[in-house]
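Working notes, beginning with the structure itself.
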Amino acid sequence: MSTSPPVLDPHALPLTGLQLIEASAGTGKTYTITSLYLRLILGRGTSRPYAVNEILVLTFTTAATAELKHRIRIRLMETRLYFLTRHLAALNQIDDIKLPDTDVVICEFYDQSPDVDRDIRLLTASIALLDDAAIFTIHGFCSRVLADYAFETGTLFDQQADPDPDAMLTLAVEDCYRSELMGLSPPALEIAQRMWPSPISLQRQIRKFIYRDEIEVLPPEHPVDMSRYRTLAGVIKQMWIEQDIPSILRDAGFIANRRCLTHIDEMTRFCADTELDGRVRSGANLWELWTKSHMQRHLKKSGQLPDHPVFEHFDELWSLQHEFAQLKANLWHQVLHNIRQRLGHQQAELGVLTLDDLLSRVAANLSHTTLARRLAERWPVAMIDEFQDTDDTQYRIFKRIYIDLHASDPRSGTDAIETGAIGERALFMIGDPKQAIYQFRGADVYTYINARRQTAEQSGVHSLSVNYRSTPPLVEAINHLFDQPDIFDNDEDMPFTPVDAGLPEQPLLIRSARVAPVVIRHITGADGKGLQAAEANTLATEWVAEEIAGNLLHPDTTIDGEPLHAGQIAILVRDKNHARASQQSLARRRIRSVYLTLESVFLTETATDLMTVLEAVLNPGDERKIRAALASPLLASTADELARLSEDTLLQQDTLTEFQRYHSRWAKAGIAPMMESLINQRGVAGRLLQTKEGERQLTNLRHLTELMQERAMVAPGMHRLLKWYIRERQEALTVAPEAHQLRLESDRNLVKLVTMHAAKGLEYDVVLIPIAGFGLLFANREPHLYHDLANDRYQLKVDVGGSATAAQQASVEGISEDMRLLYVAATRARLRCYLGMPHTRGARQTAFARLLGYEGKREMADVFSALPDALFDTGFVTEVERTGLNEPSEGAEVLTPPATRPALDQRWQVHSYTGITQLLAAHEPETDQPGYSDDDVHLQNSSQDGSQPKVLAASDATDPIDLARTRFTFPRGPRAGIALHSLMEDLEFTQPPETQKPILQQCLERVGLAREQASWVPVLQDWCSDILSNDLGGFSLREITRTNRMDEMEFHFPVHTNDRVFDFLREHSYLEGPSGDVNNSIDISGLMTGLIDLTFRYNDQYFIVDYKSNYLGPDRTDYREVNLDEAMRSHQYKLQYLIYTIAITRHLRLTLDDFDYERHFGGAYYLFLRGMDGKTGENRQGGEVEEAGEASSTGIFFDKPPIAHVEALDALLIQQAASERAASERVL
């Protein structure tokens, strides 16, 4: 093992030159980036402070860019708040001031500040200007360079960047295949067709390196004469069949089961066609098997070499095998040149660049122009996050800007680039080569290694040595596993350096017992023998599911005394097949889970079903396609319905007309409106959500629709869109582009199923890896990409000639990446990690076997005995029992299904206030009226006199970077609304809010303000105190005990609407919207349901409360009567509280023997939380709040609907519900 790099000191790290920071898993990489950013902003260790638009910060995905900007913003705000607090305390000589929670780096920055006032101004300006910060993806940076420096780079002003490079590549490949390959003459044509049976296979192979600039293709192109090779192949094939060579071979005396015997029949089939390539699926080459040297090695002692002239021909042909390999290489060179040429022509004609073209265009323009100098002046400092995921082109760009010295060459009038000192410029490369796991999508860890070597020569390599993710025992266990010589095959450039634990002990108790941090199980047969892969994988997934059901979700399994729940557990898998198996094993134990992956949505079954539906819509006259669509799981017509379609002419005509309407809507309005119509017409969403995987399928369907809509805007045309869709399905990758990756349907306290690639950057309390002994076969995958060390630098090469050496090197690099992937997976755990090692063929060749030392003839029992018991819980799994959660009791009654399936009225549905208002809104004409969700509407007074309110644009709202912490600057949106509702539900009204700090902190965590609790908790305390003390007509919520309140009271009652119901609501101002004509098209039949935020009892009266987090303006005067009335009207809240009133009065009639509406029902309060000011003593009646000058209380709307209105509407609903029941009984 090599010497470890020095540990990074964030205060002493030079902020000039070339700096490489190696950050092992969990060591605070992002924290380090934000600390360096702070130093640059404050000018610590630099000649001057830097502005946010001078510091270039780059990462690899849009999501990571947003997260990094958010983290930088939070760190700047924390620093400014800390500086302000301490500075004001110093000015006012306050010694006992409570300082905001912060870290030691910020404290030291303050202590070392030569001018605190200046630093506060710098921080304030940086926060205000952070939206202009140069934080991009690498491709986004290149796009910015080409746009801003169009003259220097020769870029068209209207140049577009196509995020889908496969579209142009597909066109170039198809053109090359038709015009270039199909025009070849034999034998080149036959060889080309064997190498690339279709354009798709050619594209899949070439995609790996077509956009790589500095790649050497081996062997070089060279003329070859194949005449002798073809002649010998023809002679051998003829002699093999006509002279019964198989019989000669079987009598020669070869050792049993050797390839020269087992492949005889395959050679016979091979001789029946004109194929020249002797390689077969097993990896053998038929031309080699019957050479004399090969046969000699496999003879029995009593055997003799067969004597026949054909074997002389085998020897000669095998000696000419290099000519065959050279012909294949020549074809590769021909194809590569042709496709690159066609791509260039397409880009010039269409004015479009792919994401890879952005990189190569910028790199090419940095060589001999002033561009590099200008970029260095604009962004003198750059930080590249996840540097291990770069490639050679990306590194070349930043090397030329920040490492090479730009010295003017007077002879040429241009800049000549020479390597030298880089002065005030600085390039920080932050990454971890042990986590380089994205080779398949172009990342090249050897680029990192080349940069590391150069950095070590010029300045230095630094490391982060403290793990802040995992507990000390788990850190020690991971160190024990990976601290081995050459564990990543290159200790010089990729050493494993043990890290220290930075967290205190956090005990995990499994059934009340302390346990080892790492569990390893050998998944094997009952007799200790190996298993078939499928059998072993099933046993492994059953094992982890049983661990979760039987141990991890046991009530006595705790973390720091708190029960472990499903949301803290993750199962990491290699691919979707393992994920599906794990999900099924969990489902058998009634454990719900959710699948997170980087896989393409086009690989899902939903994508397959949708393609069938699209083909039917595109061909509405084709009955076969329509039947196929109806039979697909997406539309799920039953066999009876399909049979009736054949027999009923009218139904058949209606169905054809339906698909013609879909076709017409697609042509006129677009794919998204058509899909929405189809989903609604066929009830797809409602039906899917009733199935086990329905939420996942509906998420996929919506995602696919969005992708098609985006594509249709770039390339319109129905047939064109379907062709694109089919191609995307054919070429979908296991790890897809960011926009195509499967979306999360829900993660409500569910076990997470995560692919190992998708898990990078995440962490979980408990991680289970059922199949840690995964492996891929690299040797037979041509062409072979590998790296060769020359002149102290690794160069990427691709072998297209079938070199065994290249295949071996590619295999070694592949296994090394498997080891890195295993490291990434194991280091996701915070407390405990489970690792499964299936006992299958080839298991000893996997990265996990190498990690354990399970190689050669060493037994697993010996491997386990060498591991320390304090760190590792080892054992064998041969069978698994099944523990089900919430199993039914033994005495449960078993209900028999009805003899015949009843026919159900499909119009009957469950409705809510929200659903009704959305349905009504769909029938209203287009207006500027805002939506119906809390925090969607922003209102403010247009004048100080409380006249007509107006809609406030989001841009007019308080600037989110304003550091004033008030209820008006509290986050907005559905997420904040849910958090505030939960806060009110959890609060004890009778206790002061300051004694309920954990509840306030939980609210802040729910809105993403966990790191700003010090500044926000006092705001919430005062706010909650105002809410609880606000007068509600002689009393306040502070007087309501738990025994006199019910939070989230759920109700259900039958409902059926017609014109009379809507007319009644409109007549009495409970409903605004569509006219009576529209009512006929709205069918609201079934069950009304809802949740009342708060129901409470005071002085034997019952009241209902609905909390509203709507933002109506930045001042309490914005929450006066006129604004509240407008909010109640625009949101149809009056309809809401009338529904609630009917529900509560029905309940009270059943529970109170002497119920009297006037005496027992107090009314409905709508509390607009942001406007409640804690005032007391105001009188409220009707829908008004009586104002007493400026002292009037705000934010409270009250009404008690007249009993005549309640009874009239209740009678209408009961009458219509009764008629609906009668109709339903006739149907049944």
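Computed from the coordinates by the stated procedures, all read-outs in this text should not be read as laboratory data. Since this is a predicted model, take the numbers as computed values, not measurements. Cβ: placed from backbone, ideal geometry, glycine included. Neighbour counts: every protein chain shown.
Using Cβ point charges alone (K and R +1, D and E -1), the dipole size of the stretch 428-561 about the Cα centre works out to roughly 220 debye.
Relative protection proxy for 1114-1126, 338-350, from highest mean packing down: 1114-1126, 338-350 (other beta-carbon atoms within 10 angstrom).
Projecting the Cα atoms of P472, G253, M708 onto the charge dipole of the chain, computed from C-beta unit charges around the Cα centre, puts G253 farthest toward the positive end.
The charge dipole of the chain, taken about its Cα centre with unit charges on the Cβ atoms of Lys, Arg (+1), Asp and Glu (-1) only, comes to about 2740 debye. With a simple spin-label model that places each label point 7 Å from the Cα along the Cα-to-Cβ direction, the separation between Q296 and R269 comes to 3.2 nm. Normalised by residue number, the volume inside the convex hull of the Cα atoms of the stretch 601-732 is 98 Å³ per residue. For semi-axes √(5λ) of the Cα gyration tensor in Å, the value computed from the atomic coordinates appears in the list (1) 60, 42, 33; (2) 49, 39, 30; (3) 109, 52, 39 under label (1). Between T649 and A628, the contour length at 0.36 nm per residue exceeds the alpha carbon distance by 5.7 nm.
The lysines whose alpha-carbon is closer than 16 Å to the alpha-carbon of K300, local same-chain residues fewer than 8 away aside, are K292. Here the peptides 19-31, 84-96, 613-625 are ranked by packing, the mean other Cβ count within 10 Å, and the order with the highest first is 19-31, 613-625, 84-96.
Take each peptide in 1006-1014, 104-112, 639-647, 1127-1135, count the other Cβ atoms within 10 Å of every residue, and average; sorted highest first, the result is 1127-1135, 1006-1014, 104-112, 639-647. Subtracting the Cα-Cα distance of R580 and D251 from their residue separation scaled by 0.36 nm leaves 113.4 nm.
With the simple spin-label model, which puts each label point 7 Å out from Cα in the Cβ direction, the A128 to F440 separation comes to 4.9 nm. Computed extension length for D225-E349: 40.8 nm, one decimal, from 0.36 nm per residue of separation with the Cα-Cα distance subtracted.
FRET efficiency for the S47 to L99 pair, using the beta carbon distance and R₀ = 30 Å, is estimated at 0.45. Modelled label positions at V910 and I726, each set 7 Å beyond Cα in the direction of Cβ, lie 4.2 nm from each other.
Candidates H298, Q532, S1193 compared by Cα position along the dipole of the chain: farthest toward the positive end lies H298, with charges placed on Cβ. Bridges between two residues of the chain, per DSSP, are antiparallel at a rate of about 40%. Dipole of the stretch 1-148 computed with +1 at Lys/Arg Cβ and -1 at Asp/Glu Cβ about the Cα centre; of Q93, L18, L42, farthest Cα towards the positive end is L18.
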